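Have a look at the structure below before the remarks.
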Amino acid sequence: MTSYSPELKPVTVPSSGVRAGQQATVRRDPVRLLQLALAGLWLLDAILQFQAPMFTKAFARMLDSSAAGNPAFVATPIRMSARLIAQHPTVTNAVFALVQLLLALGIGWRPTLRFALASSVVWSAAVWWLGEGLGGVLSGSASPVNGAPGPAILYALLAVLLWPGRRDREAPFAAGQFTGPSVARVLWIALWGSLALFALLPATSAPGALARMISSASASQPAWLSALDAHLATFLASQGPIAAFVGASALFAVAVGICLPMPASRAAPIVAIVIALVLSVAQGLGGILIGSSTDPGSGPLLALIALCYWQPRPKDGEAAMTTQRSA
């Protein structure tokens with residue numbers, strides 16, 4: 001198995017100690033690029049939080065709606081926080097937007113990376129409960145198409161997967177540098193396996209359920225996206241249960257694929273990215289084009305998680321070293 005490590009990229013470094021034109025070797029860190037992508041998503045969230053409707057009571061009503069169907073220990077704190085936000089919408093929303101902006105800047109600046117990642121886990125857990133109602137997991141409304149298990153918990157998972165790890169730790173993908181490959185695979189199976197389970201529940205598999213969710217997400221969208229979602233909803237109106245079963249099968253294959261030998265383990269993240277893109281379209285890009293959302297939905301986050309598990313193709317030298325180790 002090839003260990004995942006920063007790639008060596010030759011560059012020209014003219015200096016007093018190196019003649020112009022002489023080649024030096026510097027390290028390009030793919031994990032850092034993934035961390036910066038996570039920072040970019042937090043920055044997008046902050047921008048969306050700064051939208052004018054979020055400074056009104058409409059934002060509090062949106063949060064309060066996540067309490068529906070949840071048990072009392074989940075719903076009561078949601079309603080209490082929504083009432084507080086409704087009383088001070090401008091101040092509370094400004095704080096929320098500022099926190100997300102600071103998280104983006106903190107992850108983007110190396111000296112504050114660990115603190116920002118740890119803070120994002122705490123913040124994401126609070127938003128997952130008080131803002132997303134635990135993604136509908138306990139209310140029976142969870143579906144991959146409506147964003148379950150919730151974008152907020154995916155931010156927390158990304159913070160764990162992209163926590164700075166040991167550079168000498170052997171791992172086939174970026175996500176294993178901190179947790180180790182075994183724990184990273186367990187987290188992958190838990191995520192995609194739960195999505196497969198949600199796809200089989202009545203919220204997704206009931207006749208017409210998929211079509212209704214997609215039609216609802218397409219409301220007020222730009223014409224091109226609305227038309228795309230309308231065609232998808234029309235097709236699923238009669239094929240919903242079958243489509244749910246096919247989707248669950250694909251999600252289960254992705255879940256177990258990461259544990260299989262190459263090339264299946266390498267194909268699993270690719271299939272996961274395709275599924276994430278389809279879900280993003282079905283979710284109307286999370287509503288970011290119509291000012292009705294504070295995040296881009298689960299699609300981009302699932303795609304970024306899949307990139308954390310991407311296995312670079314081994315080079316000839318690395319393959320030979322791996323063969324020698326195995327011998």
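The values are calculated or read from the model by the stated rules, or taken from the named source; none is laboratory data. Note that this is a predicted model, so its numbers are computed, not measured. Here the Cβ is made from the backbone with ideal geometry for all residues, glycine too, and neighbour counts use every protein chain on show.
Structural remarks
- Of the residues making up segment 180-202, those that are out of contact with any helix residue (DSSP H, G or I) (no Cβ under 7 Å at 6 or more places or on another chain), assigned to a helix (DSSP H, G or I) and more than 20 Å from Gly247 (Cβ to Cβ) number 5.
- In the set Ala118, Ala142, Ala148, only one residue is assigned to a helix (DSSP H, G or I) and either more than 20 Å from Pro296 (Cα to Cα) or small (Gly, Ala, Ser) (or both); that residue is Ala118.
- Looking at Ala72, Ala126, Ala60, Ala68, just one residue is under 29 Å from Met213 (Cβ atoms) and touching a helix residue (DSSP H, G or I) at 6+ places or on another chain (Cβ under 7 Å), and that residue is Ala60.
- Of all residues in segment 252-266, those satisfying the criterion of being more than 16 Å from Ile305 (Cβ to Cβ) and among the small types (Gly, Ala, Ser) are Ala253, Ala264.
- Flag for Ala319 being modelled with pLDDT of 95 or more and either more than 13 Å from the chain's Cα centre (by Cα) or of a type in the set (Lys, Arg) (or both): no
- Total residues in segment 45-67 satisfying the condition of being in a helix (DSSP H, G or I), under 23 Å from the mean Cα position of the chain (by Cα) and among the aromatic types (Phe, Trp, Tyr): the figure is 1.
- Residues that are under 25 Å from Tyr309 (Cα atoms), without any contact (Cβ under 8 Å) to a residue 12 or more places away in the chain and of a type outside the set (D, E, K, R) occur at least once in segment 122-133.
Results for (1) crowded, with 19+ Cβ neighbours inside 10 Å; (2) at pLDDT 90 or above; (3) under 19 Å from the mean Cα position of the chain (by Cα), shown as yes or no for each residue.
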| position | (1), (2), (3) |
| --- | --- |
| Leu232 | yes, no, no |
| Met262 | no, no, no |
| Ala268 | yes, yes, yes |
| Leu277 | no, yes, yes |
| Gly287 | yes, no, yes |
| Ser293 | yes, no, yes |
| Pro296 | yes, yes, yes |
| Gly299 | yes, yes, yes |
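- Of all residues in segment 198-248, those satisfying the criterion of being of a type in the set (S, T, N, Q) and either free of Cβ contacts under 8 Å to residues at least 40 places away in the same chain or over 27 Å from Ala267 (Cα atoms) (or both) are Ser215, Ser216, Ser218, Ser220, Gln221, Ser226, Thr234, Ser238, Gln239.
- Taking segment 35-80 as the range and being more than 20 Å from Thr92 (Cβ to Cβ) and without any contact (Cβ under 8 Å) to a residue 24 or more places away in the chain as the test, the residues that pass are Ala72, Phe73.
- On inspection, Ser298 fails the criterion of being small (Gly, Ala, Ser) and over 17 Å from Ala190 (Cβ atoms).
- One residue stands out in segment 242-260 among those that are among the β-branched types (Val, Ile, Thr), over 16 Å from Val145 (Cα atoms) and in a helix (DSSP H, G or I): the one that is farthest from the chain's Cα centre (by Cα), namely Val256.
- Every test in (1) assigned to a helix (DSSP H, G or I); (2) under 24 Å from Leu154 (Cβ atoms); (3) of a type in the set (Phe, Trp, Tyr) is passed by Phe173 save one, and that test is (1).
- Scanning segment 228-241 turns up one or more residues that are in contact with a Leu (Cβ under 7 Å, 6 or more places away or on another chain), assigned to a helix (DSSP H, G or I) and not basic (Lys, Arg).
- Number of residues in segment 151-188 that are at pLDDT below 95 and closer than 23 Å to Ala250 by Cβ equals 3.
- Selected residue [surrounded by fewer than 19 Cβ atoms within 10 Å (Cβ to Cβ) and within 22 Å of Gly176 (Cα to Cα)] from Arg83, Arg32: Arg32
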